[in-house]
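First the structure, in the form of structure tokens, and then the observations on it.
FYI, it's all coordinate maths here, none of it is from the lab. The model shown is predicted, which means the values in this text are computed figures rather than measured ones. Because the Cβ atoms are built from the backbone with ideal geometry, glycine has one as well, and the counts that use them run over all protein chains shown.
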Number of protein chains: 2
Amino acid sequence: MTTKISVEEMEAARNRTSSLIHNTPIMKSDKINDKVGAKVLFKCEHLQKTGSFKARGALNSAILAKEQNAKGVIAHSSGNHGQALAWAAQKIGLPCTIVVPKNAPNSKVEGMKEYNADVVFCEPTMSSREITCAEMAEKLGYYYVDPHNCVTMINGHGSIVFEVLEQAGDEIDSIFLSVGGGGFAASVAFLIGNLNPDIAVYLVEPEEKNLANLLENGVQCASETLNTIADGVRVSHVGSLCEPILKKYCTRTVVSVKEEEIKEALNLIWTRTKQRIEPTAALAFAGVLYHKPDHVKKPLVILCGGNVDTDYVIN
Amino acid sequence: MTTKISVEEMEAARNRTSSLIHNTPIMKSDKINDKVGAKVLFKCEHLQKTGSFKARGALNSAILAKEQNAKGVIAHSSGNHGQALAWAAQKIGLPCTIVVPKNAPNSKVEGMKEYNADVVFCEPTMSSREITCAEMAEKLGYYYVDPHNCVTMINGHGSIVFEVLEQAGDEIDSIFLSVGGGGFAASVAFLIGNLNPDIAVYLVEPEEKNLANLLENGVQCASETLNTIADGVRVSHVGSLCEPILKKYCTRTVVSVKEEEIKEALNLIWTRTKQRIEPTAALAFAGVLYHKPDHVKKPLVILCGGNVDTDYVIN
């Protein structure tokens with residue numbers, strides 16, 4: 001299995017996956033431009049297969065696992081990662097098991113089953129998830145796909161950067177994305193840093209995370225999970241593979257936002273663009289809406305996903 | 001002012017308006033195709049200016065009013081029509097007054113004010129709306145734009161048909177749309193009937209409306225307003241200009257749906273396409289999802305609007 005994060009591996013991953021994933025569209029809104037005072041582009045990963053960017057890395061991981069004769073793929077997840085891996089495995093005809101904490105929302109579990117994954121429940125703690133997953137991976141001969149700290153995921157996510165540069169490379173001076181476990185952020189920061197370092201990559205976080213203190217001073221966030229409506233980035237710590245990349249490219253581009261700002265950003269996107277993005281996607285836009293540095297004139301916001309329950313209300 | 005509904009007037013209206021309105025995209029979803037068992041295309045009018053197709057006819061009406069030296073435009077509305085006319089008038093620099101029933105949702109009123117319309121409140125009855133509007137139109141010298149029974153609105157809406165035929169004319173065998181006052185339905189039915197009569201135009205209604213009984217037997221719906229979650233089509237009667245057109249082209253293509261079916265259709269669109277359409281747009285899709293005739297293989301659904309409050313919940 002690939003062990004290196006590199007531009008070449010990211011190119012290979014893009015070629016490997018592009019026929020099965022969407023080259024997602026870019027949207028804009030005059031009303032939002034007026035409000036922000038800049039030309040904002042939105043990269044629509046909520047319109048990606050399975051409703052999030054995770055499909056990119058998951059498909060790359062599943063294809064490589066199959067090439068290496070793994071008997072299947074396995075991950076622990078309560079949400080988007082599990083759905084994406086289940087979809088990817090089904091797409092290429094590989095068995096898939098997802099270890100799910102037993103308090104996970106039923107809608108997510110149903111999503112995984114719809115893609116024919118075997119769902120195995122565990123206790124709702126990170127250690128139970130990890131132990132159950134490791135034991136089953138060993139027993140079944142499945143390739144374990146970590147949602148954040150996984151080379152094949154990180155290389156797979158890079159396809160979004162190639163798309164963005166082709167679609168709008170000349171129209172942007174920065175990229176704003178929501179940061180959680182750091183896999184996606186590391187992928188984008190690494191590839192932009194290598195292909196077009198003039199574009200700044202901003203990592204937008206719920207303020208409790210305080211990633212700047214880790215990247216600048218090596219101080220970890222005290223909480224293990226964050227208390228935020230952005231449920232896709234509740235994991236407070238970034239993966240060990242991701243940390244050095246983020247340190248290199250993004251030490252001075254961390255943006256912390258308040259919960260109220262996420263809600264306002266979500267409200268504005270729902271109202272103005274009619275796109276049902278999830279709160280974690282609104283987090284990235286909140287970074288632009290409330291904390292855009294003055295010299296940023298042409299930000300691109302990655303709307304990372306759209307998996308939000310139909311009865312979800314902003315309040 | 002134009003008094004004729006014709007292909008030529010619709011072409012002229014398209015040319016008159018196309019630089020200011022969106023040629024809205026067409027979307028599709030594999031999951032929805034699987035569920036319906038047909039290739040379904042969605043014409044995204046919720047992404048139109050002001051969030052509904054009404055912008056098409058409203059802009060045509062405002063431009064023609066200005067050419068005829070009207071001092072402004074006026075309409076009564078509690079929702080999309082008022083926002084669309086206010087936007088159109090502002091766009092071309094014409095004053096606009098909207099007469100609003102005093103029980104209208106505040107979010108809609110704010111929308112109108114945002115486009116600089118003068119908002120005048122009246123009693124929440126149709127007669128109060130009409131009388132107030134007529135008196136003010138006379139006093140101010142403004143052109144009155146009826147939401148449904150108005151030649152300039154009907155001709156203006158036709159631009160959507162030219163777009164659909166250019167975008168997907170070879171890929172569809174039918175068009176499903178939600179019918180309320182009948183102006184939009186008449187526009188689409190008339191233009192398709194003249195340009196490509198092989199494409200069937202289906203009128204989807206809440207079952208209480210029973211439009212087939214009007215078109216086949218001349219029997220009007222007993223209620224004045226319908227009790228439906230599809231708030232854009234609560235008006236039960238179709239306009240006198242619209243009725244003969246619908247009788248000619250759509251007598252056998254009325255589709256009645258139940259409230260539960262609208263909710264399920266809305267749920268499916270929100271979940272699968274991540275598009276925050278309004279319930280009235282889901283009505284048209286419910287016609288396909290639950291009542292598609294077997295011989296229909298390639299339906300296009302017009303998603304008429306996306307103006308739904310952020311705290312709206314399907315229940």
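Beta bridges assigned by DSSP with both partners in chain A are antiparallel in approximately 10 percent of cases.
So what are segment A:243-289's ellipsoid semi-axes, whole angstrom, largest first, if each one is the square root of 5 times an eigenvalue of the alpha-carbon gyration tensor? Walk me through the intermediate numbers first.
Numbers: eigenvalues 128, 23, 13 Å².
Working through the eigenvalues yields semi-axes of 25, 11, 8 Å.
Mind checking segment A:156-229 for GluC sites (Glu not before Pro) that DSSP puts in a loop (not H, G, I, E or B) and that have at most 15 other Cβ atoms within 10 Å? Can you show the working numbers first?
Values: sites: A:Glu163, A:Glu166, A:Glu171, A:Glu207, A:Glu208, A:Glu216, A:Glu224; in loops: A:Glu224.
Those satisfying the criteria are A:Glu224.
Pull up all non-local amide H partners of A:Ala200: gap of 5 or more, or a different chain, and H-to-H distance under 5 Å with H placed in the peptide plane. Counting only residues 5 or more places away or on other chains, the set is A:Ser174, A:Ile175. The alpha carbons of segment B:220-261 occupy a box of 30, 20, 18 Å along the principal axes, longest dimension given first.
Ranked from shortest, the separations from the 7 Å Cα-to-Cβ label point of B:Thr251 to its equivalents in the other copies are 8.0 nm.
In chain A, the calculated helix contribution to ellipticity at 222 nm averages -13500 deg cm²/dmol per residue, counting -39,500 (n - 2.57) for every DSSP H run with n ≥ 4.
Might you report the magnitude of the Cβ-based charge dipole of chain B about its Cα centre, with Lys and Arg at +1 and Asp and Glu at -1, to the nearest 20 debye?
Working: 32 positive and 36 negative charges, 103 e Å.
Once rounded to the nearest 20, the dipole reads 500 debye.
Estimated translational diffusion coefficient (Stokes-Einstein, Kirkwood radius over Cα pairs, 37 °C, 0.692 mPa s) of segment B:75-225: 190 µm² per second. Across the identical copies, the 7 Å label point of B:Gly37, projected outward along Cα→Cβ, sits 5.8 nm from its counterparts, in ascending order. The equivalent ellipsoid of segment A:84-162 has semi-axes of 21, 16, 14 Å, largest first, where each one is the square root of 5 times an eigenvalue of the Cα gyration tensor.
Across segment B:38-51, coupling constants 3J(HN,Hα) worked out from phi with the 6.51/-1.76/1.60 Karplus curve, θ = phi - 60°, read 7, 8, 9, 10, 10, 8, 8, 6, 5, 9, 5, 3, 6, x Hz, and Gly and Pro carry x.
Each Cα pair under 8 Å and six or more residues apart adds its sequence gap; the mean of these over the residue count of segment A:209-315 is a relative contact order of 23 percent.
For segment A:1-53, what does the relative contact order come out to in percent, with C-alpha contacts under 8 Å and a separation of six or more?
Values: 33 pairs, mean separation 16.2, N = 53.
Relative contact order of segment A:1-53: 31 percent.
Can you give the % of DSSP beta bridges in segment A:124-273 that are antiparallel, to the nearest 5?
Once the DSSP bridges in segment A:124-273 are tallied, antiparallel ones form about 10 percent.
Listed by chain and number, the lysines placed with their C-alpha closer than 19 angstrom to that of A:Lys139 are A:Lys66, A:Lys71; residues fewer than eight positions away on the same chain are left out. If you model segment A:1-136 as an ellipsoid using its alpha carbon gyration tensor, with each semi-axis the square root of five times an eigenvalue, the axes come out at 30, 21, 13 Å, biggest first. For segment A:292-304, the Karplus equation 6.51 cos²θ - 1.76 cosθ + 1.60, evaluated at θ = phi - 60°, returns couplings of 5, x, 4, 6, 7, 10, 9, x, 10, 9, 8, 7, 6 Hz by residue, with Gly and Pro reported as x. The Rg/Rh ratio for segment B:164-315, using Cα coordinates for both the radius of gyration and the Kirkwood hydrodynamic radius, is 0.95.
Loop-located trypsin sites (Lys or Arg not before Pro) in segment A:101-132 (DSSP state not H, G, I, E or B) with no more than 13 neighbouring Cβ atoms inside 10 Å: A:Lys102. In whole percents, the pair-distance distribution calculated for segment A:26-87 from its alpha-carbon pairs, binned every 5 Å from zero, is 4, 17, 19, 15, 12, 10, 9, 7, 4, 3, 1.
So what's the protein assembly as shown giving for Rg/Rh, alpha carbon basis, Kirkwood Rh from the mean inverse pair distance?
On the way: Rg = 26.2 Å, Rh = 25.9 Å.
With Rh from the inverse mean 1/r over Cα pairs, Rg/Rh is 1.01.
Tell me the trypsin sites (Lys or Arg not before Pro) within segment A:1-69 that lie in a loop according to DSSP and have at most 11 other beta-carbon atoms within 10 Å.
Numbers: sites: A:Lys4, A:Arg14, A:Arg16, A:Lys28, A:Lys31, A:Lys35, A:Lys39, A:Lys43, A:Lys49, A:Lys54, A:Arg56, A:Lys66; in loops: A:Lys4, A:Lys28, A:Lys39.
Here the trypsin sites (Lys or Arg not before Pro) that fit, given the DSSP loop and packing criteria, are A:Lys4.
For the residue pairs A:Lys28/A:Lys298; A:Lys31/A:Lys298; B:Lys31/B:Lys274; A:Lys108/B:Lys263; B:Lys4/B:Lys43, the C-alpha atoms sit more than 18 angstrom apart in A:Lys108/B:Lys263; B:Lys4/B:Lys43.
As a rough footprinting exposure proxy, the listed residues A:Val204, A:Val235 were ranked by other beta carbons within 10 Å of their own, and the order from fewest upward is A:Val235, A:Val204. Here is the tail figure for segment B:1-51: Cα pairs spaced more than 16 Å apart come to 61 percent of all pairs.
Give me the angle, in degrees from 0 to 90, between the Cα long axis of helix A:80-92 and the longest principal axis of the Cα atoms of chain A, rounded to the nearest 10. Approximately 60 degrees, to the nearest ten.
The residues packed around B:Glu114, meaning those with a beta-carbon under 15 Å from its beta-carbon, carry a net charge of +3 if Lys and Arg are +1 and Asp and Glu are -1.
Its alpha carbons considered, chain B gives a radius of gyration followed by a Dmax of 18.2, 57 Å. Summing charges over neighbours of A:Ala168, with a neighbour being any other residue whose Cβ is under 15 Å away from its Cβ, gives -2 when K and R count +1 and D and E count -1. Working note: Karplus 6.51/-1.76/1.60 with θ = phi - 60° gives segment A:10-25 the couplings 5, 5, 4, 5, 4, 4, 5, 10, 5, 6, 10, 9, 7, 7, 5, x Hz, where Gly and Pro are set to x. For B:Asp146, no residue has an amide H sitting under 5 Å from its own, ignoring neighbours fewer than 5 places away on the same chain, with H placed 1.01 Å from N. How large is log10 of I(q)/I(0) for segment B:119-182 at q = 0.20 Å⁻¹ when the intensity is taken from the Debye formula with one equal scatterer per alpha-carbon? Values, matching the q order: -0.90. Express the relative contact order of segment A:1-111 as a whole percentage, based on alpha carbon pairs under 8 Å and six or more residues apart in sequence. The value is 21 percent. The amide H of A:Ser178, built 1.01 Å from its N in the peptide plane, has A:Val204, A:Ala284 as neighbours under 5 Å, considering only residues 5 or more places off or on other chains.
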